[in-house]
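Just so you know, all these numbers are worked out from the coordinates, no wet-lab data involved. Every value quoted in this text rests on a predicted model; they were computed, and no experiment measured them. Positions of Cβ are backbone-derived with ideal geometry, glycine not excepted, and every protein chain shown enters the neighbour counts.
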Amino acid sequence: MSMAILTDVTKCIGCNECVIACKNLYKLDTDVPRTWHKNDGLSSKNWTSILIKEENHYIRKQCRHCLEPACESVCPVGALHQTPEGAVVYDSDKCLGCRYCMMACPYGIPRYDWDSAVPYIRKCIMCTDRIKKGQQPVCTEACPTEATIFGNRDKLLAEAHLRIKNNPGKYINKVWGEHEVGGTSVLYISDINLDFLSYKSAPSTKPLPTTTEVAMKSVPYAFAGMGGIMYGINWIIRRRNKLSEGNEGEEE
């Protein structure tokens with residue numbers, strides 16, 4: 001059963017309780033600002049953040065947990081995978097730190113752990129261990145206004161559309177995450193446009209793995225081909241060296 005989070009931007013007061021709860025649960029240290037960090041509050045030590053937009057709108061940003069995650073499709077070692085409950089999680093023991101997932105994510109979510117001796121990717125995992133125990137993510141539990149709630153994805157979609165229908169003029173007639181890139185497990189309703197949450201522009205409804213699959217399937221062949229080329233070059237160089245040594249011996 002796919003679970004999800006629904007955030008109602010009109011209810012968020014910017015208290016940061018969700019951010020604090022996440023950092024406390026996962027014992028995330030104080031972040032060290034980097035000049036190359038995106039200005040959205042996310043980092044390897046901040047898995048959720050609150051953005052302040054026009055007219056004091058507060059928008060929570062976190063991993064969108066795509067139903068067909070591009071990050072999973074490009075990971076060459078399977079360090080990222082989707083759970084049956086809908087969360088997209090990672091295995092740091094497998095992660096190579098290649099950062100392919102950072103390039104593939106349409107929302108620019110995964111972050112590199114620059115402070116680690118063996119750096120790898122970090123991001124929100126939607127409290128998957130809590131979900132498996134029948135609990136909700138700590139961020140939704142901590143929200144004092146229920147601006148962000150947790151539940152079955154289909155039921156949350158129905159609730160989102162009901163709020164829009166019952167409050168004409170209050171919300172934009174759209175549920176962000178319902179269809180984009182094949183759908184996500186983090187949904188939004190809002191009275192302002194939220195397309196800025198995507199990496200560059202509003203993503204299409206087409207799942208990204210259909211685009212990345214062809215490229216990633218060619219990776220093993222590319223490695224094999226490059227290995228063959230390098231072996232051939234090495235053989236030629238060694239052959240030339242042997243011939244050169246042989247000629248020098250004859251001259252003596």
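Working only within segment 119-151, note down all residues that are over 21 Å from the mean Cα position of the chain (by Cα) and in contact (Cβ under 8 Å) with a residue 40 or more places away in the chain.
Across segment 119-151, the qualifying residues are E141, A142, C143, P144, T145, E146, A147.
Yes/no matrix, rows are residues, columns are (1) under 17 Å from the mean Cα position of the chain (by Cα); (2) not in a strand (DSSP E or B):
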| residue | (1), (2) |
| --- | --- |
| C15 | no, yes |
| C18 | no, yes |
| D29 | no, yes |
| L51 | no, no |
| R60 | yes, no |
| E68 | yes, yes |
| V77 | yes, yes |
| H81 | yes, no |
| E85 | yes, yes |
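Listed here are the residues, each with its yes/no results for (1) in contact (Cβ under 8 Å) with a residue 60 or more places away in the chain; (2) aliphatic (A, V, I, L, M).
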| site | (1), (2) |
| --- | --- |
| V9 | yes, yes |
| E17 | yes, no |
| N39 | no, no |
| S49 | no, no |
| E54 | yes, no |
| I59 | yes, yes |
| H65 | yes, no |
| V74 | yes, yes |
| G97 | no, no |
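Taking segment 142-188 as the region of interest, how many residues are among the hydroxyl-bearing types (S, T, Y) and part of a helix (DSSP H, G or I)?
Result for segment 142-188: 0.
Say we look at segment 65-124 and pick out the residues that are of a type in the set (G, A, S) and farther than 21 Å from W176 by Cβ; which of these is surrounded by the fewest Cβ atoms within 10 Å (Cβ to Cβ)?
Across segment 65-124, the extreme among qualifying residues is A117.
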